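Data block below; observations after.
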């Protein structure tokens, strides 16, 4: 899975792949043409309440990630769609914050990658009498 993170104000590049804005609000002073956003799934951005609570305070980062993960769990279809797109090609998550590392795009990237690393459940063993006789 190829996921990059980039500030939305940086110039778009052909190597960005699918450009996904992960902010609830449109970035100030940026035209839609200049941003070249391919997808803006507002359901995957932090809620207004969470965004205001966090306010990019570094001490709140672990709790922000936990709360944001809970919000993402409430949107399984949209999350799965983005994960599927990332499996098919490069995805660049775009954010507007001046904070370069402790922002929702990096938290979402970590959530997507963590989901990818989880072990898949093993297939159920057939424990029927017929299967036991065959063994």
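How high is the FRET efficiency from residue 36 to residue 57, r the C-beta distance, R0 35 Å, rounded to 0.05? That pair, residue 36 with residue 57, gives E of 0.65.
Rounded to two decimals, the Cα radius of gyration of the chain over 2.2 N^0.38 Å is 1.33. Rounded to the nearest 10 degrees, the inclination of helix 61-73 to the longest alpha-carbon principal axis of the chain is 60 degrees.
Against the chain, whose longest principal axis is taken from its Cα atoms, helix 104-117 shows a tilt of about 20°.
Using only helices, what value at 222 nm comes out for the chain when you add -39,500 (n - 2.57) per DSSP H run of length 4 or more and divide by the total residues, to the nearest 500 deg cm²/dmol?
On the way: 6 runs with 57 residues, N = 135.
Theoretical 222 nm ellipticity from helices: -12000 deg cm²/dmol.
Angle of helix 76-88 to the longest C-alpha principal axis of the chain, folded into 0 to 90 degrees and rounded to 10: 90°.
All of the numbers you see were taken from the coordinates with simple rules; none came from a lab. All values derive from a computational prediction rather than experimental measurement. Cβ atoms come from the backbone with ideal geometry, glycine included; neighbour counts cover every protein chain shown.
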